[in-house]
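J.: What follows is a structure written as structure tokens; I'll ask about it next.
What follows draws every value from the coordinates through simple rules; no lab data is involved. What you see is a predicted model; the values in this text were computed from it and never measured. With ideal geometry, Cβ positions are generated from the backbone for all residues, glycine too; neighbour counts draw on all protein chains shown.
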Amino acid sequence: MPTLEWMGKNKVVAYHRQVPYRVLEHVPEKSVMDSHGSDCGNMVIHGDNLEALKALLPEYEGKVDCIYIDPPYNTGNEGWIYNDNVNDPRIRKWFGEVVGKEGEDFSRHDKWLCMMYPRLRLMRMMLRRTGAYAIDEFRQILGQIG
């Protein structure tokens, strides 16, 4: 069976297991209330998405029907709609600690795959057996033509 290979893959295939569990802090004054004044249960989570996914896992593992994500595309274009160059200082630090030294010859695609793989693994753990991912790539296309 064909497999996708890239530089650094061997360092990240099990990285999601090393991410520590964090407890999400509920901030009632920032909650969205329904028409009866009850908390809707919706969440806005500020922080690294890898840590947020791990924090959601105990409650949602195997329970999610669909996950819609709009990942950075790592075009290297920092002047685009948003800076999608996977070059954030935290990501660079993570690459140096987990994947390989900054000077190693990783293409932007290798870096992107290394960054996305642990996140996709955690998302997969949240999906039901019949669940699905929806990954947005239209933003990139519209950004280039619009």
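J.: Do the alpha carbons of any pairs in K30/K111; K30/K54; K11/K54; K63/K93 sit beyond 27 Å of each other, and which pairs?
T.: Cα-Cα > 27 Å for K30/K111; K63/K93; rest within.
J.: If you don't mind, there's one more thing I want to ask. Across the Cα atoms of the range 1-75, what radius of gyration and what greatest pairwise Cα-Cα distance (Dmax) are found, in Å?
T.: 16.8, 54
J.: Using 0.36 nm per residue of separation minus the Cα-Cα distance, give me the extension gain between N10 and Y68 in nm, one decimal.
T.: Numbers: separation 58, 0.36 × 58 = 20.88 nm, distance 2.64 nm.
18.2 nm is the gain from fully extending N10 to Y68.
J.: Just to be sure I understand the model, the point goes 7 Å from the Cα along the line to the Cβ. What's the resulting A134 to R90 distance in nm?
T.: 2.6 nm
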